[in-house]
Amino acid sequence: MKMVPWNQRGAVWLTFAVFSFVALWVAIFLPQYDVGEYHRYAVLAMTPPVFHHWPREYPALSQFIFLLPLLFPFSYRFSFGILTILALAVLLNIGMKRHGFSWGMKLIGYLSLGAVGLFSQRYDIFVSLFGFLAIDRALQRQWCWAWIFSVIGFLLKLFPAVFWPVFLIQEWRETRRFRWDRLALSLLTALVMIGFQVLTASHQAFTSFRYLLARPVEIGSLAASLTALVGHPHLFGAFGSVNVRAHGLAHLIGDVLTALGIVGWLSVFWAQWKGRMELVDAAIITLGILLLTTKVFSAQYLIWLAPLLALKKGNMGFVLAYALTSLGYPVGYAVPGLFKWVIYIFTARNLLLTAAFAVFVWNRTRSSASPLFTEGVKEGVDH
């Protein structure tokens, strides 16, 4: 555990306070659609018969996040914003104890550049918290907790499931045992949650999966960016976002990117299997592939990545990509006349992000001789 001097901790918490003030100001004076949707889900859940309504586009556990603001004596929007700030405070407190002052400053820096305009109006910080806890526990070889936190994150917003192959391979490298039981229990937990939905509202059991599969190519995705570069995209609104179509070209590009993403994942897992990639590197690249090769890349998804990127040295490509994300959303949506350029702003962001990941992979390749787990404190093995 790293001891952070009080003056350094004070600098982080002061920066956190400024970030929190701005994020809450945005929530109050520039309200966005999502929090209203969360409120609607919470009210429906408490409408008799209770828990017979679930979020249509989010996993079931997200409902309990949406219900929490109802416990506060303030407006739902303000209460939700306070909860996001508290979640970030918890993340900072835990992360700095393990990874020091610079980690905290880099985290706030990434979030300030890429997410301050929407941070307190999305629930992604809760998912990011559990995703980071999963990786942090894996670094400490506390595998049981790593899987538990990743499962909680998965039940909130699915993405931490991409860490499961990384965990399986890393634990095998250390123990020469594949812990299929951990994977089986994780999947069983997901099935139990789905079963609970079936019992309470059978028509909503798989809505989050169906919703994701049915979504068109979203404007922030790399598929939309490539469509804008090679075709003539048409923008339309659906599924609570702006989307792109171009006579089937956008979906074709999206399918090709998905296939390339699968190949990319297999390459990462192979490199990790052969001992040429550390756990944090594998987790960052695996998550990056997910962001760049799926058909939906909403601006808030970079919140998932920020705590992991903060574990590594700075990369100007990532910094610029985060800044362009805010320029695309919410600035591009709010400033008159700028919206027509949003797809090209996101195109520049995605190309920068792709280049940043390429540099990241190149640097990892050059340092592949370094021993595993140099980034974490080796504490307590949990088999």
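The values are calculated or read from the model by the stated rules, or taken from the named source; none is laboratory data. A quick note: this is a predicted structure, and the numbers were derived from the prediction, not measured. Positions of Cβ are generated from backbone atoms using ideal geometry, with glycine treated the same way; all protein chains shown enter the neighbour counts. Only protein heavy atoms, including side chains, enter the accessible area calculation; ligands, DNA and RNA are left aside. Shrake-Rupley method; radii C 1.70, N 1.55, O 1.52, S 1.80 Å.
The residue that is surrounded by the most Cβ atoms within 10 Å (Cβ to Cβ), counting only those in region 89-104 that are hydrophobic (A, V, I, L, M, F, W, C) and more than 17 Å from A23 (Cβ to Cβ), is M96. If you filter region 178-210 down to residues that are open to solvent by 30 Å² or more (accessible area, probe 1.4 Å) and in contact (Cβ under 8 Å) with a residue 60 or more places away in the chain, you find that the one that is nearest to E57 (Cα to Cα) is M193.
Would you mind stating whether L24 is open to solvent by 40 Å² or more (accessible area, probe 1.4 Å), of a type outside the set (S, T, N, Q), in a helix (DSSP H, G or I) and out of contact with any Leu (no Cβ under 9 Å at 6 or more places or on another chain)? Criteria not met by L24. Being of a type outside the set (F, W, Y), modelled with pLDDT under 95 and open to solvent by less than 30 Å² (accessible area, probe 1.4 Å) is a property that holds for N315.
Does at least one position in region 156-178 carry a residue that is over 24 Å from the mean Cα position of the chain (by Cα), of a type in the set (S, T, Y), at pLDDT below 95 and over 25 Å from A283 (Cβ atoms)? Write out each step before concluding.
To start, the set of residues in region 156-178 that are over 24 Å from the mean Cα position of the chain (by Cα) comprises 172-178.
Now narrow it down to the ones that are of a type in the set (S, T, Y): 175.
Next, from what is left, pick out any that are at pLDDT below 95: 175.
Narrowing further to those that are over 25 Å from A283 (Cβ atoms): none.
So far as region 156-178 goes, no, none of its residues is over 24 Å from the mean Cα position of the chain (by Cα), of a type in the set (S, T, Y), at pLDDT below 95 and over 25 Å from A283 (Cβ atoms).
At least 2 residues being over 16 Å from N350 (Cβ atoms) and at pLDDT below 90 is the threshold, and among the helices (runs of 4 or more DSSP H) wholly inside region 183-283 those reaching it are 207-214.
In region 305-340, what count of residues is obtained for those that are hydroxyl-bearing (S, T, Y) and assigned to a loop (DSSP other than H, G, I, E, B)? Working first, answer last.
From region 305-340, those hydroxyl-bearing (S, T, Y) are 322, 325-326, 329, 333; that's our starting set.
Filter once more, so that each one left must be assigned to a loop (DSSP other than H, G, I, E, B): none.
Of the residues in region 305-340, 0 are hydroxyl-bearing (S, T, Y) and assigned to a loop (DSSP other than H, G, I, E, B).
From T354, T347, T325, grab the single residue that is open to solvent by 50 Å² or more (accessible area, probe 1.4 Å) and at pLDDT 95 or above. If you could, list the steps in order and put the result at the bottom.
Numbers: T347 fails: open to solvent by 50 Å² or more (accessible area, probe 1.4 Å); T325 fails: open to solvent by 50 Å² or more (accessible area, probe 1.4 Å).
T354 is the lone residue from the list that is open to solvent by 50 Å² or more (accessible area, probe 1.4 Å) and at pLDDT 95 or above.
Scanning region 154-186 for residues that are closer than 12 Å to A138 by Cα and of a type in the set (A, V, I, L, M) yields V166, L168, I169. Residues that are modelled with pLDDT under 90 and open to solvent by 60 Å² or more (accessible area, probe 1.4 Å) within region 33-56 comprise P48, P49, V50, H52, H53, R56, listed in sequence order. Any chance region 11-32 includes a residue that's on the phi < 0 side of the Ramachandran plot, at pLDDT 95 or above and within 17 Å of the chain's Cα centre (by Cα)? Looking for residues that are on the phi < 0 side of the Ramachandran plot, at pLDDT 95 or above and within 17 Å of the chain's Cα centre (by Cα), one finds none in region 11-32, hence no.
Got a sec? Which of V296, V230, V263 is surrounded by fewer than 22 Cβ atoms within 10 Å (Cβ to Cβ), closer than 25 Å to V116 by Cα and hydrophobic (A, V, I, L, M, F, W, C)?
Details: V230 fails: closer than 25 Å to V116 by Cα; V263 fails: closer than 25 Å to V116 by Cα.
Exactly one residue qualifies, and that residue is V296.
Is at least one residue of region 290-301 more than 27 Å from Q32 (Cα to Cα) and part of a helix (DSSP H, G or I)? Show your work before the answer.
Taking region 290-301 first, the residues more than 27 Å from Q32 (Cα to Cα) are none.
No, every residue in region 290-301 fails to be more than 27 Å from Q32 (Cα to Cα) and part of a helix (DSSP H, G or I).
Filtered by the rule that a residue be under 20 Å from the mean Cα position of the chain (by Cα) and among the small types (G, A, S), region 55-103 gives A60, S62, G81, A87, A89, G95.
Of the residues that make up region 250-258, is at least one over 30 Å from A355 (Cα atoms), open to solvent by 20 Å² or more (accessible area, probe 1.4 Å) and among the β-branched types (V, I, T)? Explain how you work it out, then say what you get.
If we filter region 250-258 for residues that are over 30 Å from A355 (Cα atoms), which is where we start, we get none.
Checked region 250-258: no residue is over 30 Å from A355 (Cα atoms), open to solvent by 20 Å² or more (accessible area, probe 1.4 Å) and among the β-branched types (V, I, T).
Suppose the filter is open to solvent by 50 Å² or more (accessible area, probe 1.4 Å) and closer than 28 Å to L155 by Cα; does L30 pass it? No: the conditions fail for L30.
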